Amino acid sequence: MQNFEPTGAAAAMPGSAVPQIKRRLVISACLLIPLFYLGLGAAFGLPLPPFLTGDNAMWCGIVQLVLTVPVCWLNHSYFLNGCKSIRAPGPDTLVALSSGAALVYGIIAIFTQDAPQELFLPSAAAILIFAAACQLLEVRFKAQAMAPLHSLAERIPETACVLRSRQQYTVPLKEVAVGDIFLIRPGDVMPVDGVVIEGETTVDESALTGAAAPVAKHKGSTVYAATANQGGALICHATRIGPDSTAAQLVHTVQTTAAAKVPLSSLADKVRSVFVPAVVLIIWLLLGQSFAFALARAISVLAVSSPCVLALAASAAIMSGASVGAKHGIVFKTAASLQSIGTLHTAVLDKAGTITNGEPEVVTIVGTRSVPAKFLLGMAAGLESQSQDPLARAVMRKAAAENIKLSAVKDVTILDGQGLTGKMAGKVMAGGSAEFIAAQCELTPDLQQAGEQLAADGIAPLYFSLDGHAAGLIGVADAVKPASKAALDALKALGLDVMLLTGDSRTNADRVAAQVGLDDAHVVSGLAPAELEAELRRLQTNGPAAMIGSTSAAAALACANVGIGMGAEPLPAADVMLLRDDLADAAAAVRISRAVDARIAQNTRMALVYSALLPLLAAGVLYPLNFVLHPIDSVILMTLFVAWLLSGTARLNSFDPNPASQSEPQKEPAE
């Protein structure tokens, strides 16, 4: 399988790091047990071997040092990374400073005549071990959150069956080029993105888009890497390969969003983490305490004062939200878009391809006594098969869907902008506008009335005649998607003001609006592209607005607060992509964002309490009450807090953004 993992800051920490960290932890813990006994035994008078007491007390310190050095070596990355980031203190910097200070003090104290009973060497080792434990928790959390993406990447086969000179060749995936013809057999997984040249089948796209139902594919359909063929064989033309495939771009985009680092609130937060421990050390020395006591307080503060706890509170939730979105075919391109979509005031929708299917479809057939509806459809499809007009293709698709055999039509003549004529079984037939057919035959009053009513409703009537007599009409329109009304109701239930902006006529706009439950106040029609963008900016003065649309709305997507694109085709202007081309996923995206924001708010509140109270306790504020935190106590508390933070955030991974009742926004799983 090709490696689609992003590099650098965008790369999520791989799950393969878990065994390595575990190995370090196990070895370090084995060394820490005797180190604890010797260190605390010396400090609290526990029984020690005779050769380590009395005049041989220095040897007790040397043995502790011998046990501490391997722990430091196993976890030396903290010291290396901490030194590199000394100008912008982060977690590794604080670990290096606190552990390093304890280690240096212990080494010096061992070889002084007035060596104190506590050397802080167990603290130096414990700080490193509990830092590694926090790292292990974070790695496991990332592996759990990103598991669906890794599964998607692993589905892509390592080889592809390509057709060259009418021969089949199985080649490594890296040798497939754009333009190659490849064969997909029943049960195969698509190796690359492509367009179907020949064949019909159904494809399971759940791994990519989260869609439960298989998707029908035929000539001209797009297929995507990592999706599984469930039916007949396909011959396809490769369009996007390797890292350019939709699946690879999905993995890359979601990992980039999930790996986004939340900036610390200010430079003061970074400086405070180092400056405050130094002040604590000085204050206790000025108050007459021993250097060992003052150092213990400073090390404790260093151990718990990481300025990145607040960042972790947000970044962990963002990672889970990005992963949940990917499982349901929703791609948040940035962490900012994931968070901002939950604060929307207005959802602005394009019509074609968003609320409607985006291409004309037959919505009604009106026959006559002599020409029944089914016969009219077969006759019309036979005539229209000679045309490339979008309305003609709609008639053809309807006949195919109804399994109606096309009538044999000969001598077809196409009159641009008017209609077609031809011969069927020796009889002249024609199809086109009312004016064109009126020249061929007399239109009956009921047929004229039906056509006028369709036109008033925004439906294009196609009239037909046979052998000089009116044969009926077929109404064609861009039909509303079956799920559009429920999707708009869901957006309204979430508190969003839903608007329809379109360049189409008022008649067509009103027809669509009536079917999805929008009143006149929420429909603006007849807009040129520049006017649409101006109207969108006006709506944004009321609050953040999202533009939801497909390729035709690319300019509007770019100027909205949040651009939400429909379909798996790349839309650079979109901040969020709904891969299933399902408008209901817009409401799901809002639910995910709000669940993430709720978790971030909860995590941040607890992190603020932690950041305010624990450093004070570590500094010895309760010393007058005979309560102080030992450095080891401090790092244990920090590890427990990180474990609580990540375990609570991990609940987001099971969040369902599509509740059974779409009118009730689902809350984040309870603690």
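Computed values, structure above
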quantity: Considering residues of the stretch 97-113 that are of a type outside the set (A, V, I, L, M, F, W, C) and not in a helix (DSSP H, G or I) only, the residue least open to solvent (accessible area, probe 1.4 Å); calculated: T112
quantity: Answer residue from the stretch 572-592, given it is in a helix (DSSP H, G or I) and of a type outside the set (A, V, I, L, M, F, W, C) and is surrounded by the fewest Cβ atoms within 10 Å (Cβ to Cβ) among those; calculated: R591
quantity: Complete set of residues in the stretch 421-431 that are under 54 Å from the mean Cα position of the chain (by Cα) and open to solvent by 10 Å² or more (accessible area, probe 1.4 Å); calculated: T421
quantity: Residue selected from the stretch 457-469 under the condition of a type in the set (G, A, S) and touching a helix residue (DSSP H, G or I) at 6+ places or on another chain (Cβ under 8 Å), by the criterion most open to solvent (accessible area, probe 1.4 Å); calculated: A460
quantity: Helices (runs of 4 or more DSSP H) (entirely within the stretch 470-543) containing at least 2 residues that are open to solvent by 60 Å² or more (accessible area, probe 1.4 Å), over 17 Å from C559 (Cα atoms) and charged (D, E, K, R); calculated: 484-493
quantity: Residue tally, condition assigned to a loop (DSSP other than H, G, I, E, B) and either under 26 Å from V480 (Cα atoms) or in contact with a helix residue (DSSP H, G or I) (Cβ under 8 Å, 6 or more places away or on another chain) (or both), over the stretch 364-378; calculated: 3
quantity: Residue list for the stretch 155-176, restricted to those being polar (S, T, N, Q) and either farther than 20 Å from G242 by Cα or surrounded by 15 or more Cβ atoms within 10 Å (Cβ to Cβ) (or both); calculated: S165, Q167, Q168
quantity: Selected residue (criterion: modelled with the lowest pLDDT) from residues of the stretch 221-265 that are open to solvent by 50 Å² or more (accessible area, probe 1.4 Å) and among the small types (G, A, S); calculated: S265
quantity: The stretch 199-220, residues that are part of a loop (DSSP other than H, G, I, E, B) and either surrounded by 16 or more Cβ atoms within 10 Å (Cβ to Cβ) or touching a strand residue (DSSP E or B) at 6+ places or on another chain (Cβ under 6 Å) (or both); calculated: G199, E205, G210, A211, P214, K219
quantity: Total residues in the stretch 385-418, condition within 48 Å of the chain's Cα centre (by Cα) and either open to solvent by 10 Å² or more (accessible area, probe 1.4 Å) or of a type in the set (K, R) (or both); calculated: 20
quantity: Any hit, the stretch 76-98, residues being at pLDDT 85 or above, at negative phi and over 48 Å from the mean Cα position of the chain (by Cα); calculated: no
quantity: Of all residues making up the stretch 343-384, the number that are open to solvent by 60 Å² or more (accessible area, probe 1.4 Å) and farther than 23 Å from R506 by Cα; calculated: 7
quantity: The one condition in (1) at pLDDT 85 or above; (2) open to solvent by 10 Å² or more (accessible area, probe 1.4 Å) that G325 fails to fulfil; calculated: (2)
quantity: Candidates A347, A381, A408, filtered to the one that is touching a helix residue (DSSP H, G or I) at 6+ places or on another chain (Cβ under 9 Å) and assigned to a helix (DSSP H, G or I); calculated: A381
quantity: Which numbered condition A555 fails, given (1) buried (at least 18 other Cβ atoms within 10 Å of the Cβ); (2) within 29 Å of D193 (Cβ to Cβ); calculated: (1)
quantity: Residue check for A212: in contact with a Leu (Cβ under 9 Å, 6 or more places away or on another chain) and within 21 Å of I330 (Cβ to Cβ); calculated: no
quantity: Qualifying residue in the stretch 177-193 (condition: open to solvent by 10 Å² or more (accessible area, probe 1.4 Å), in contact (Cβ under 8 Å) with a residue 12 or more places away in the chain and in a helix (DSSP H, G or I)); calculated: no
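Per-residue answers, yes or no, for (1) open to solvent by 30 Å² or more (accessible area, probe 1.4 Å); (2) at pLDDT 85 or above; (3) in a strand (DSSP E or B); (4) under 24 Å from G210 (Cβ atoms):
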position	(1), (2), (3), (4)
R594	yes, yes, no, yes
L608	yes, no, no, no
D633	yes, no, no, no
A650	no, yes, no, yes
S661	yes, no, no, yes
E668	yes, no, no, yes
E671	yes, no, no, no
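The values are calculated or read from the model by the stated rules, or taken from the named source; none is laboratory data. For clarity, every value in this text was computed on a predicted model and none was experimentally measured. Methodologically, a virtual Cβ is constructed for each residue, glycine included, from the backbone with ideal geometry; neighbour enumeration extends over all protein chains shown. Each accessible area value is taken on the protein alone, full model and side chains, heavy atoms only, with ligands, DNA and RNA left out. Shrake-Rupley method; radii C 1.70, N 1.55, O 1.52, S 1.80 Å.
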